[in-house]
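Participant: Before I ask anything, here is the structure I am working with.
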Number of protein chains: 2
Amino acid sequence: MKVTVLSGGVGGAKFVLGLQHCEEVDQLTAIVNTGDDFRHLGMHISPDIDTLLYTLSGQANATQGWGREGESWNFMAALKALGGPDWFNLGDGDLALHVLRTQRIEQGHSLSVVTADLAKAWGIGASVLPMSDDTVATWLETDEGALPFQSYFVERQCRPITSAIRFEGAVDARPAPGVLQSLADADAVFIAPSNPWLSVDPVLAVPGIADALRETSAPVIAISPLVGGKAVKGPTTKLMAELGINADNEAIAGHYAGLISGLLHDSADAPPLSTPARSTATLMTSLDDKVRVARAAIVFAEALKA
Amino acid sequence: MKVTVLSGGVGGAKFVLGLQHCEEVDQLTAIVNTGDDFRHLGMHISPDIDTLLYTLSGQANATQGWGREGESWNFMAALKALGGPDWFNLGDGDLALHVLRTQRIEQGHSLSVVTADLAKAWGIGASVLPMSDDTVATWLETDEGALPFQSYFVERQCRPITSAIRFEGAVDARPAPGVLQSLADADAVFIAPSNPWLSVDPVLAVPGIADALRETSAPVIAISPLVGGKAVKGPTTKLMAELGINADNEAIAGHYAGLISGLLHDSADAPPLSTPARSTATLMTSLDDKVRVARAAIVFAEALKA
């Protein structure tokens, strides 16, 4: 079957890796959030795409949850010694990715072409597509003022209180080549267990993508990011509280209302009443966990089609 | 005394380090070749300035003769794995210098301001001045066509046969702030034992610098790059042969005719007849060697003044 996933970073990458190990899946496409992309030290950095690329090629650092396995940090040490900005960690090997991508983009190649070439170089069978080749930047309105995503997420460690989120440039952005087609052709569409407000909403903000979810004949299933009423990682529930939203699956399903045909959620949490739901243990620690969650999503999709 | 040195990379840096250890020197200025500067992987790289900065701050890698002590190479390994250009080695720590400099230049700072800040960050007392803040690029006409310096020197390991050398942009370049003043104010001016054609000529090609050598009241002493009729490192004698020049001190003194008042050369080589000369063992392996050569130059300068 053909499967397309809307994905943010770490949680999304784990789920896509699970799908990559399911025999049922012949064709796998990840449409990845680029609202977190930013320029730093002159380099174009695409954190969620990188997380997908590292995870799907078996190079992800499982312990720290981001970056490369076996990474060294001499660049950061030298940068710090020179008084350079050290709030965003760049591993020595990771830098090669950023430097090459930046150079190719400056030569006029699109982010999607560069991403496809990186995926090919690392032998990744899945299609990893940026949501858009146009610049879309996630900004948070907070009690410390308007902050670009990385300033909020990394530099300030999600401490500011958020009142609103916007996606600068989204209105004029076009879906990257292949994005709408992969949604139209899919046998199943999944929304990965990424942060709905920070990681999935930027994807849905690109004109045409939400419509493609409404129009596809495939079932669209969101995997809830909540496990036992909390997010595994990141500021999801803190953010939900600040936005006045209950941290439950009703709210997750409500957020995706009109777009999804089902919600796969953790067994420890109550299902939403508004949306067809199934549950499994959604915490993805081992590869077996990831494959189990991926397979539960596939089985649910097949049930909704029948 | 106030000492100003025209310098290329490794050999020049060793000589300047020797001067830095001479008590007689109160004020030390190095005017450094930037004809080797190039953009690589989107970064502004200034190899000779970097060699000065690393050497004068005690961070130079003595074994390999370039780059930083204790360097790691994970960036290069990752770059190579992605099919990136691997002919120019960039250490993980070294990258911090290139990334920060590139960013600051793109923000509108001049190379001389950025260089001064780097020198300050590393506690270097000497003034390290680029010869110019304008772009001057050394090109070689060879049997493999016209080659920019790094393609000739690093990528092709000096193998092509050179017929001519030119310094693109030199005609319109201005000396960097402080360059002419330091030559006018100096009590002694030295031309370091760098390659006269590839490392010193670009400096002399910047309008105003050769005139400042002719006009300064200070003695101007060149230190010959020949040791036992050969260059310690690099293509000096190969290049001299290709240009139809004898590899002797007469040729070195002749090359600087009208600019220098004396030549300090290695004890193993014959002195030039055309120019006042002194000799010492000029091979600079240990710090003691470097200080001895520096002191011999100072003593010679004082003798010429008397």
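Participant: Sort through B:234, B:244 and tell me the only one that's at positive phi, surrounded by 18 or more Cβ atoms within 10 Å (Cβ to Cβ) and not in a helix (DSSP H, G or I).
Facilitator: Just a single option satisfies the conditions, and that option is B:234.
Participant: Among what's in segment A:63-86 and is under 22 Å from the mean Cα position of the chain (by Cα) and crowded, with 18+ Cβ neighbours inside 10 Å, pick the residue that is farthest from the other protein chains (Cβ to nearest Cβ).
Facilitator: Top of the filtered list is A:66.
Participant: Tell me yes or no: at least one residue of segment B:248-267 is at pLDDT below 95 and surrounded by fewer than 17 Cβ atoms within 10 Å (Cβ to Cβ).
Facilitator: no
Participant: I need the full set of residues from segment B:30-39 which are crowded, with 24+ Cβ neighbours inside 10 Å and either under 24 Å from residue B:1 (Cβ atoms) or of a type in the set (A, V, I, L, M, F, W, C) (or both), in order please.
Facilitator: B:30, B:31, B:32, B:33
Participant: For a quick check of your reading of the model, give me the residue pairs whose first member lies in segment B:108-120 and is modelled with pLDDT under 95, whose second is surrounded by fewer than 22 Cβ atoms within 10 Å (Cβ to Cβ) and not hydrophobic (A, V, I, L, M, F, W, C), with beta-carbon atoms closer than 6 Å and at least 6 apart or on different chains.
Facilitator: none
Participant: For residue A:42, indicate whether it is modelled with pLDDT under 95, crowded, with 16+ Cβ neighbours inside 10 Å and under 16 Å from the mean Cα position of the chain (by Cα).
Facilitator: For residue A:42, the condition - modelled with pLDDT under 95, crowded, with 16+ Cβ neighbours inside 10 Å and under 16 Å from the mean Cα position of the chain (by Cα) - is not met.
Participant: Would you pick out the residues in segment B:117-138 that are over 26 Å from residue B:169 (Cα atoms) and polar (S, T, N, Q)?
Facilitator: Selection gives nothing.
Participant: Scan segment B:144-164 for residues that are touching an Asp or Glu at 6+ places or on another chain (Cβ under 7 Å) and closer than 25 Å to residue B:207 by Cα and jot them down.
Facilitator: B:149, B:150, B:162, B:163, B:164
Participant: Tell me, yes or no, whether segment A:20-29 has at least one residue that is within 14 Å of another protein chain (Cβ to nearest Cβ) and either hydroxyl-bearing (Ser, Thr, Tyr) or within 10 Å of the chain's Cα centre (by Cα) (or both).
Facilitator: No, every residue in segment A:20-29 fails to be within 14 Å of another protein chain (Cβ to nearest Cβ) and either hydroxyl-bearing (Ser, Thr, Tyr) or within 10 Å of the chain's Cα centre (by Cα) (or both).
Participant: What helices (runs of 4 or more DSSP H), lying completely within segment B:1-85, carry at least 3 residues that are touching a residue at least 40 places away in the same chain (Cβ under 8 Å)?
Facilitator: Here the list reads B:10-20, B:47-56.
Participant: For segment B:127-206, list the strands (runs of 3 or more DSSP E) that sit wholly inside it and hold at least 3 residues that are modelled with pLDDT of 95 or more and within 30 Å of residue B:299 (Cα to Cα); which are they?
Facilitator: Filter on segment B:127-206 gives B:127-130, B:188-191.
Participant: Which residues, taken from segment A:87-125, are surrounded by fewer than 19 Cβ atoms within 10 Å (Cβ to Cβ), in a loop (DSSP other than H, G, I, E, B) and at the interface with another protein chain (Cβ under 10 Å from one of its Cβ atoms)?
Facilitator: A:107, A:122
Participant: Kindly indicate which of B:212, B:218 is at pLDDT 95 or above, assigned to a loop (DSSP other than H, G, I, E, B), among the hydrophobic types (A, V, I, L, M, F, W, C) and surrounded by 16 or more Cβ atoms within 10 Å (Cβ to Cβ).
Facilitator: Selected residue: B:218, the only one of B:212, B:218 that is at pLDDT 95 or above, assigned to a loop (DSSP other than H, G, I, E, B), among the hydrophobic types (A, V, I, L, M, F, W, C) and surrounded by 16 or more Cβ atoms within 10 Å (Cβ to Cβ).
Participant: For residues that are part of a strand (DSSP E or B), small (Gly, Ala, Ser) and free of Cβ contacts under 8 Å to residues at least 24 places away in the same chain, tally how many sit in segment A:262-306.
Facilitator: 1
Participant: Looking at (1) under 21 Å from residue B:119 (Cβ atoms); (2) away from chain A (no Cβ under 12 Å); (3) surrounded by fewer than 17 Cβ atoms within 10 Å (Cβ to Cβ), which is the one condition that is false for residue B:16?
Facilitator: Single failed check for residue B:16: (3).
Participant: Condition first: farther than 17 Å from residue B:12 by Cβ and within 17 Å of the chain's Cα centre (by Cα). Now tell me which residues in segment B:117-133 satisfy that.
Facilitator: B:133
Participant: Consider residue B:259 carefully, then state whether it is assigned to a loop (DSSP other than H, G, I, E, B) and either of a type in the set (A, V, I, L, M, F, W, C) or in contact (Cβ under 8 Å) with a residue 12 or more places away in the chain (or both).
Facilitator: So residue B:259 fits the description; yes.
The values are calculated or read from the model by the stated rules, or taken from the named source; none is laboratory data. Please read these numbers as outputs of a predicted model, since none were measured by experiment. Ideal geometry is used to build each Cβ from the backbone, glycine not excepted, and the neighbour counts take in all protein chains shown.
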